[in-house]
1. What number of residues within segment 67-81 are among the charged types (D, E, K, R) and either within 10 Å of Thr41 (Cβ to Cβ) or in contact with a Lys or Arg (Cβ under 7 Å, 6 or more places away or on another chain) (or both)?
2. Is it fair to say Met26 is surrounded by fewer than 19 Cβ atoms within 10 Å (Cβ to Cβ), within 30 Å of Val95 (Cα to Cα) and among the aliphatic types (A, V, I, L, M)?
3. For segment 31-53, which residues satisfy the criterion of being surrounded by 18 or more Cβ atoms within 10 Å (Cβ to Cβ) and not aliphatic (A, V, I, L, M)?
4. Kindly indicate the residue of segment 40-91 that is in contact (Cβ under 8 Å) with a residue 40 or more places away in the chain and over 26 Å from Tyr106 (Cβ atoms) and also farthest from the chain's Cα centre (by Cα) among those meeting that condition.
5. With part of a loop (DSSP other than H, G, I, E, B) and exposed (fewer than 12 other Cβ atoms within 10 Å of the Cβ) as the only criterion, which of Glu100, Glu109 stands out?
Amino acid sequence: MIYAIYVFIAIGVFFSFVGTLGVMRMPDVYGKLQASTCIATMGTLSITVAGVLYAIHAGMGVSVCIKLAILLLFVWGTNPVSNHALIKAAYKMGVKPYKEFKIDSYKEEEKK
């Protein structure tokens, strides 16, 4: 059980590290927002699963596991939606991407 906790912590640290590198290296706001979503969604997901496993392993109460599960569902549900809203707002404000989009569904949406 303890090794599974270590694995989930390592996965969370990996996604957080790679996402941080992505935020620093991406050339435009769209890439930076995608990388920051990776940090919050996958990094938090893995660390929270490790926390649930630790709570079970340490014999903590069920309430701790429920609180962590609620946190997990909240982050997992709201983070991608808020990222999409931020990207759409940046697009509507006229923020130019580093390279032209290959598929631009927002432009097609505006034509309708």
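1. Number of matching residues: 0.
2. yes
3. Residues satisfying the conditions are Ser36, Thr37, Cys38, Thr41, Gly43, Thr44, Ser46, Thr48, Gly51.
4. His57
5. Glu100
We did not get these values from a lab; they are worked out from the coordinates using the rules stated. Please read all numbers here as calculations on a predicted model, not as lab measurements. With ideal geometry, Cβ positions are generated from the backbone for all residues, glycine too; neighbour counts draw on all protein chains shown.
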